[in-house]
Number of protein chains: 4
Amino acid sequence: MSDNSYGKLFRVTTWGESHGPSIGCVVDGVPPKLALTEADLQIYLDQRKPGQNRFTTQRQEPDQVMIMSGVFEGLTTGTPISLIIENKDHRSKDYGDIKDKFRPGHADFTYTAKYGIRDYRGGGRSSARETAMRVAAGGIARKILGDEIKITGALVQIGDKKINPENWDDAEISKNPFWCPDAEMAAQWETYLDKIRKAGSSIGAVIEIRASGVAAGLGAPIYGKLDGDLAAAMMSINAVKGVEIGAGFSSAELTGEQNADEIRMQDGKPHFTSNHAGGILGGISSGQDIVVRFAVKPTSSILTLRQTIDTSGNETEILTKGRHDPCVGIRAVPIGEAMMACVLADHIMRHRAQCG
Amino acid sequence: MSDNSYGKLFRVTTWGESHGPSIGCVVDGVPPKLALTEADLQIYLDQRKPGQNRFTTQRQEPDQVMIMSGVFEGLTTGTPISLIIENKDHRSKDYGDIKDKFRPGHADFTYTAKYGIRDYRGGGRSSARETAMRVAAGGIARKILGDEIKITGALVQIGDKKINPENWDDAEISKNPFWCPDAEMAAQWETYLDKIRKAGSSIGAVIEIRASGVAAGLGAPIYGKLDGDLAAAMMSINAVKGVEIGAGFSSAELTGEQNADEIRMQDGKPHFTSNHAGGILGGISSGQDIVVRFAVKPTSSILTLRQTIDTSGNETEILTKGRHDPCVGIRAVPIGEAMMACVLADHIMRHRAQCG
Amino acid sequence: MSDNSYGKLFRVTTWGESHGPSIGCVVDGVPPKLALTEADLQIYLDQRKPGQNRFTTQRQEPDQVMIMSGVFEGLTTGTPISLIIENKDHRSKDYGDIKDKFRPGHADFTYTAKYGIRDYRGGGRSSARETAMRVAAGGIARKILGDEIKITGALVQIGDKKINPENWDDAEISKNPFWCPDAEMAAQWETYLDKIRKAGSSIGAVIEIRASGVAAGLGAPIYGKLDGDLAAAMMSINAVKGVEIGAGFSSAELTGEQNADEIRMQDGKPHFTSNHAGGILGGISSGQDIVVRFAVKPTSSILTLRQTIDTSGNETEILTKGRHDPCVGIRAVPIGEAMMACVLADHIMRHRAQCG
Amino acid sequence: MSDNSYGKLFRVTTWGESHGPSIGCVVDGVPPKLALTEADLQIYLDQRKPGQNRFTTQRQEPDQVMIMSGVFEGLTTGTPISLIIENKDHRSKDYGDIKDKFRPGHADFTYTAKYGIRDYRGGGRSSARETAMRVAAGGIARKILGDEIKITGALVQIGDKKINPENWDDAEISKNPFWCPDAEMAAQWETYLDKIRKAGSSIGAVIEIRASGVAAGLGAPIYGKLDGDLAAAMMSINAVKGVEIGAGFSSAELTGEQNADEIRMQDGKPHFTSNHAGGILGGISSGQDIVVRFAVKPTSSILTLRQTIDTSGNETEILTKGRHDPCVGIRAVPIGEAMMACVLADHIMRHRAQCG
């Protein structure tokens, strides 16, 4: 019942703090004889890596992953795969301010309330640095998904600036620093985010993750629903405040007639004429694209003084200098993709167990 | 790893189908020596009970709960509590149509894809009838929460008609058939929903659940986060398509300055000047109200013909007659409250285990 | 993390007390489309049923099992199967003595120490009555095992009287009231146990459970070992004090040369020339017979006064009248078989999940 | 559901192979603010360390443990504790023989049957090297147990040579290379084991682990029984073939009168006049010493040719040279102690969660 683990059969346990010697994870339950190298995982880690452009934190971390176990002569052996990444850029600096004061929007206050102690350096365990291990684990998960399943993540909203769905072009996503599928909006965001960055401010965002090629039948009622697991997985990402599937919150405004995804036959196979369900009915995949969206709040570390209290209960103010992202939503894209991969890998194995 | 169980220490396992002889659940892990009677649970079941007014299904179920174990001389014994409710109104009727055709928006297609078999009578296991057991289990959970914690659920949106938060009055909630905290909007909804009902149509909704009096420190990073567990719990309710915490999706449009809930001292205790976080930071409660909202799609059973296929893969149409809710969101209010109670009860015990 | 559940994918949760209205269990994770009727389970319940001869308790329980969910038109649907057995012979009697005194060897003292409350009627939750549900669940598990796997349980020792392994005859097992595979020893036991019964005394026993036809490869290192799970499963049966696999405790006296089960080829397949390992190496099945033995202590309820204390801490004596078994080991045979079936069913699904 | 994890609330996940770069574990659920240093764990690792005398393997491993996370300024933080030990003495050698042949008594055959691949170097994942992490985790568990609970492990039998319980002297245990509490028997074992060692043979053993100072009330019926968990924990140790509690297998030969541990009052507290139960009744601790015994088979690697087959299914022979223990039971003593510590720590937290 480790609170630092996720997945039931594809089981990932992460460990490590922002400023400890290293971070890591153990991935258990992986099928044997999958070809796996460190390079296979590095691809995804490089996508999430900080410091790649001016819109993400300037912390310099190569995020070089090492496979410590579970792989023999290039193949998984079915035993636990241990992954480790060394922390390189945990600068020795004066933590005086965040040591004694609770940063608004951060987990400083709640960790202290819970544990009576916290590793305040860079946020300790609550740092988004932990998500590197999710991305690495997601790389293993993709080996289980195989080539049939394709996962596509994109940033679809920054502040009140939303992409135009009609402009969506998968090929565009990797061409801008925002994972934006809409070239026009990417250009607008650049100007917009530069302004926010220079002001030492930050802004929220919405990410969309799609998985295509998922066979019908994945997921398990009632409390192992595919959408339930996706909701937990996405909500567990730092700074996420909302998750929706398919039409999501907008389905509140639909009538039954509008919402029902009708079914026809196409090329001898069932075909839905719309996808308000986001590919999931009754917690089980329908064969349509799985569509998940999640909202990320603005980075809590900003260059404006905020009111707070210190650990002794005195009122004070804090200004969080440091290396931060004007929009943490950007780096959440590869993380969301990884979580999608992990949830699907888990459910593929769960389905195989029960239904053969 | 039962997919029909939820909670880690406060552990609920449900069973039963819409048209089977009965439905039930087993609640394990309950602390000993709590006073518990069937009447304590019936209060909540009566809130969810179908057929109470013209806006909910006309299925007539007394939903009388029986405690079969785990309680001795009026006190819990620490052993599993088995609850059973008999299905009374599972009319013998002609299931011909739903037996052979997949109802759009329902889980018919996906259950068949997964299991190759389904109990088609009234939706079988995928029926919202299962949620009665959540409500019963929630009644037990509230015994663990004690009187300090107060849970308040309300319907805040039907279709595009949202309540005015400034009109929110807790006392109003039980005075209308919608759990609406805004008397003015309740009146509007009545007319609006009557129209939908008469048209044999349906509409979506948004529910808000608040828990006040929750101490700071509940929840567990990283994959046992309070918000992660709430997201999974709410998303597992039938027809839910989105979940958000605090500012939720609107936080995407906030700047860091707007979003940061500043902290002051009040009466010698930490006090947040706003609650965009919805009472949860880093997955741990802050002592503020926990605020969760979820979107419910419109009832899929409507009186308009929809295109579909049959189990043999032929194109056809279906019209789902029967006893259905024009807005299933209404009955989701006590269910959402129950899930909140269960998640909090679980985390209270998890916190006590680790932090004493 | 229900403490009243076992199995990971084939997941059984039991509930109920000796003198409550009924006992039951929920079996989750069962593959769909298995033919299953109540009669399939009743066969095994009838084997365990009390009151069948003078060597087992005279409590009269028909132990008629009812399937409440999860089966539709004679086939499992993949959803949870709820089983219920009504308690018929929970006589209204004077519990005065066991209400206030702790019976030595029973769980009265420890339940009170743990929970501060106990259902003292007939032992409450700690009664062996719970094992009826294991037997019923085992019947479902056997459906997963199929016809290839054959489970044979037998009583191999009562007191210091052990069977002669050379006399072992499977056909003999059901011909005597002891599940004894050695006709000669069965005759001796009859005389021996009659003496014990008439003296109001009791005696311990050893049970052996074998599973043949189990393919090589079941089980999962390191903490999901097949023998680890079997040990936990058998030790969880009431009154069990020891579990061993293959040569078990006698392997302490073997040399490496004696203990090594050598391997040859036979009919083109690997063949072990001995089975000290009991069919399990490194926690994984080898294809040989799985052999488990467990020791059951003598029934604690006897007709001789024993010294004890009462719930107020006063020294006193107790004599446990009632309907008890002179050798509870006898009725443990079908229970041990059921636990073997459940563990194997679980591991078959676990293996399929990971290794396809 | 990681098969490489144990414990429910005190949760240990181990990883690594005999000849990989390192081995490690993640310990999750540890209460915050416990003083913890690497030296605290090294004490126990040094007890298990190979190569300390001629009766254990000559592999030279310093087994220096490193704490990678979860401890800040000398105190646990409540977040996962990652421990790593580098493998130093994984000599580059010719693995030709064990690469292609299955060693009798080892897990070579079954790992291959399960996974279709195995890391054959030194046994890979099935090597007893994994147990170093159990010992390290046990060191953390002892911090939770506190000073009240004392765990004492000892070797009580090698081959057919059993200690005389009347000679038991705790102080003697650390004075000989066998963890033998009987000085006289220790002397005999020295001669006996030297003979076995020189013959390139091996022999089995029995270990006893006692825990005193355990309060009444730990453990959880029905499938979370303290003895059930201890049985699984001990059986999961490499080469263990049997586990018993208290009188164990000998209880089969006892009458109810002999077996019942009577209760008196002593110094105002309940006092049992005997301990056949091994401190556990109905799966819950009674306040008496917890007494567990387990049997360890002889080391499978011996210097005598054994018949086997190769991976292609040809009959052949194998002689396992290498650095092995004449009696692996010796090194199992600190491992058994560690498992006892881990199970108790887990149950202390589980009890606190439910019963406060």
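Anything in segment D:288-306 that is more than 16 Å from D:Lys198 (Cα to Cα) and open to solvent by less than 10 Å² (accessible area, probe 1.4 Å)? List them, or say none.
Residues satisfying the conditions are D:Ile290, D:Val291, D:Val292, D:Phe294, D:Ala295, D:Val296.
Among the residues of this structure, B:Val71 counts as one that is β-branched (Val, Ile, Thr), over 30 Å from C:Thr77 (Cα atoms) and modelled with pLDDT of 95 or more. Of the residues making up segment C:233-250, not a single one is among the acidic types (Asp, Glu) and surrounded by fewer than 24 Cβ atoms within 10 Å (Cβ to Cβ). Of all residues in segment B:38-55, exactly one satisfies the criterion of being hydrophobic (A, V, I, L, M, F, W, C) and either within 16 Å of B:Asn176 (Cβ to Cβ) or touching a Ser or Thr at 6+ places or on another chain (Cβ under 6 Å) (or both), namely B:Phe55. Which ones in segment A:320-356 are farther than 19 Å from A:Ala107 by Cβ and in a loop (DSSP other than H, G, I, E, B)? A:Pro326, A:Cys327, A:Gly356 - these are the residues of segment A:320-356 that are farther than 19 Å from A:Ala107 by Cβ and in a loop (DSSP other than H, G, I, E, B).
The set of residues in segment A:204-226 that are closer than 22 Å to A:Lys150 by Cα and without any contact (Cβ under 8 Å) to a residue 60 or more places away in the chain contains only A:Lys225.
The selection criterion, being at pLDDT 95 or above, in contact with a strand residue (DSSP E or B) (Cβ under 6 Å, 6 or more places away or on another chain) and either surrounded by fewer than 24 Cβ atoms within 10 Å (Cβ to Cβ) or assigned to a loop (DSSP other than H, G, I, E, B) (or both), holds for A:Ala216. Checked against (1) at pLDDT 95 or above; (2) open to solvent by 30 Å² or more (accessible area, probe 1.4 Å), A:Ile309 meets all criteria but (2).
Has segment D:54-66 got at least one residue that is of a type in the set (A, V, I, L, M, F, W, C), modelled with pLDDT of 95 or more and surrounded by fewer than 23 Cβ atoms within 10 Å (Cβ to Cβ)? Spell out the reasoning first.
If we filter segment D:54-66 for residues that are of a type in the set (A, V, I, L, M, F, W, C), which is where we start, we get D:55, D:65-66.
Going one step further and asking which of them are modelled with pLDDT of 95 or more, we end up with D:65-66.
If we keep only those that are surrounded by fewer than 23 Cβ atoms within 10 Å (Cβ to Cβ) too, we end up with D:66.
Yes, segment D:54-66 contains a residue that is of a type in the set (A, V, I, L, M, F, W, C), modelled with pLDDT of 95 or more and surrounded by fewer than 23 Cβ atoms within 10 Å (Cβ to Cβ).
Given the criteria under 19 Å from A:Thr299 (Cβ atoms) and part of a helix (DSSP H, G or I), does A:Ala132 qualify?
Yes, satisfied.
Number of residues in segment B:336-356 that are at pLDDT 95 or above and open to solvent by 10 Å² or more (accessible area, probe 1.4 Å) equals 8.
Within segment C:254-310, being charged (D, E, K, R), part of a loop (DSSP other than H, G, I, E, B) and at the interface with another protein chain (Cβ under 7 Å from one of its Cβ atoms) holds for C:Asp261, C:Glu262, C:Lys297. With the structure loaded, tell me whether D:Ile144 is part of a strand (DSSP E or B) and among the hydrophobic types (A, V, I, L, M, F, W, C) or whether it fails that test. Criteria not met by D:Ile144. Every listed requirement among (1) in contact with a Gly (Cβ under 7 Å, 6 or more places away or on another chain); (2) aromatic (Phe, Trp, Tyr); (3) open to solvent by 30 Å² or more (accessible area, probe 1.4 Å) is met by B:Trp15 save one, (3).
Filtered by the rule that a residue be of a type in the set (Phe, Trp, Tyr) and either touching a residue at least 12 places away in the same chain (Cβ under 8 Å) or more than 14 Å from chain A (Cβ to nearest Cβ) (or both), segment B:110-145 gives B:Tyr111, B:Tyr120. Scanning segment A:107-123 for residues that are under 22 Å from the mean Cα position of the chain (by Cα) and at pLDDT below 95, we see that the one that is farthest from A:Thr57 (Cα to Cα) is A:Gly123. Scanning segment A:111-146 for residues that are charged (D, E, K, R) and buried (at least 20 other Cβ atoms within 10 Å of the Cβ) yields A:Lys114, A:Arg118, A:Asp119, A:Arg125, A:Arg129, A:Glu130, A:Arg134, A:Arg142. Residues in segment C:196-210 that are open to solvent by less than 50 Å² (accessible area, probe 1.4 Å) and assigned to a helix (DSSP H, G or I): C:Ile196 alone.
Of all residues in segment A:261-276, at least one satisfies being among the aromatic types (Phe, Trp, Tyr) and free of Cβ contacts under 8 Å to residues at least 40 places away in the same chain. Given the structure, is C:Leu193 under 13 Å from the mean Cα position of the chain (by Cα), open to solvent by less than 10 Å² (accessible area, probe 1.4 Å) and more than 7 Å from chain D (Cβ to nearest Cβ)? It is false that C:Leu193 is under 13 Å from the mean Cα position of the chain (by Cα), open to solvent by less than 10 Å² (accessible area, probe 1.4 Å) and more than 7 Å from chain D (Cβ to nearest Cβ). Filtered by the rule that a residue be touching a helix residue (DSSP H, G or I) at 6+ places or on another chain (Cβ under 7 Å) and under 26 Å from C:Val343 (Cα atoms), segment D:205-223 gives D:Leu218, D:Gly219, D:Ala220, D:Pro221, D:Ile222.
Contact map, segment A:50-76: first residue facing another protein chain (nearest Cβ under 9 Å), second residue in a loop (DSSP other than H, G, I, E, B) and of a type in the set (Lys, Arg), Cβ cut-off under 7 Å, separation 6 or more or different chains; pairs are A:Leu75/A:Lys33; A:Thr76/A:Lys33.
Comparison of A:Thr56, A:Thr14 shows that the only residue that is part of a loop (DSSP other than H, G, I, E, B) and within 17 Å of the chain's Cα centre (by Cα) is A:Thr56. The set of residues from segment A:147-190 being surrounded by fewer than 23 Cβ atoms within 10 Å (Cβ to Cβ) and part of a loop (DSSP other than H, G, I, E, B) comprises A:Asp147, A:Glu148, A:Ile149, A:Gly159, A:Asp160, A:Asn164, A:Trp168, A:Asp169, A:Asn176, A:Pro177.
Return yes or no: is C:Gly228 in a strand (DSSP E or B), within 8 Å of chain D (Cβ to nearest Cβ) and small (Gly, Ala, Ser)?
Against the criterion (in a strand (DSSP E or B), within 8 Å of chain D (Cβ to nearest Cβ) and small (Gly, Ala, Ser)), C:Gly228 does not qualify.
Of all residues in segment C:1-30, those being more than 11 Å from chain D (Cβ to nearest Cβ), in contact (Cβ under 8 Å) with a residue 60 or more places away in the chain and among the aliphatic types (A, V, I, L, M) number 3. Residues in segment A:297-351 that are over 30 Å from C:Asp28 (Cα atoms) and of a type in the set (Lys, Arg): A:Lys297, A:Arg306, A:Lys321, A:Arg323, A:Arg331.
The single residue among B:Lys297, B:Lys269 that is within 22 Å of the chain's Cα centre (by Cα) and of a type outside the set (A, V, I, L, M, F, W, C) turns out to be B:Lys297.
Looking only at residues in segment A:40-51 that are modelled with pLDDT under 90 and farther than 18 Å from A:Ser202 by Cβ, which one is surrounded by the fewest Cβ atoms within 10 Å (Cβ to Cβ)? Per the criteria, the residue is A:Lys49.
If we keep just the residues of segment A:233-245 that are in contact (Cβ under 8 Å) with a residue 60 or more places away in the chain and touching a Phe, Trp or Tyr at 6+ places or on another chain (Cβ under 9 Å), which is nearest to the other protein chains (Cβ to nearest Cβ)? Reasoning before the result, please.
Of all residues in segment A:233-245, those in contact (Cβ under 8 Å) with a residue 60 or more places away in the chain come to A:233-234, A:236-240.
Add one more test, that the residue is touching a Phe, Trp or Tyr at 6+ places or on another chain (Cβ under 9 Å), and what stays is A:233-234, A:236-237, A:240.
Values: A:Ala233: 8, A:Met234: 8, A:Ser236: 4, A:Ile237: 9, A:Val240: 8 Å.
Across segment A:233-245, the extreme among qualifying residues is A:Ser236.
The values are calculated or read from the model by the stated rules, or taken from the named source; none is laboratory data. Keep in mind that what you see is a predicted model, and the values were worked out from it rather than measured. Reconstructed Cβ throughout: ideal geometry from the backbone, glycine too, with neighbour counts over all protein chains shown. For the accessible areas, the whole protein counts, side chains as well, though only heavy atoms, and no ligand, DNA or RNA atoms are used. Shrake-Rupley method; radii C 1.70, N 1.55, O 1.52, S 1.80 Å.
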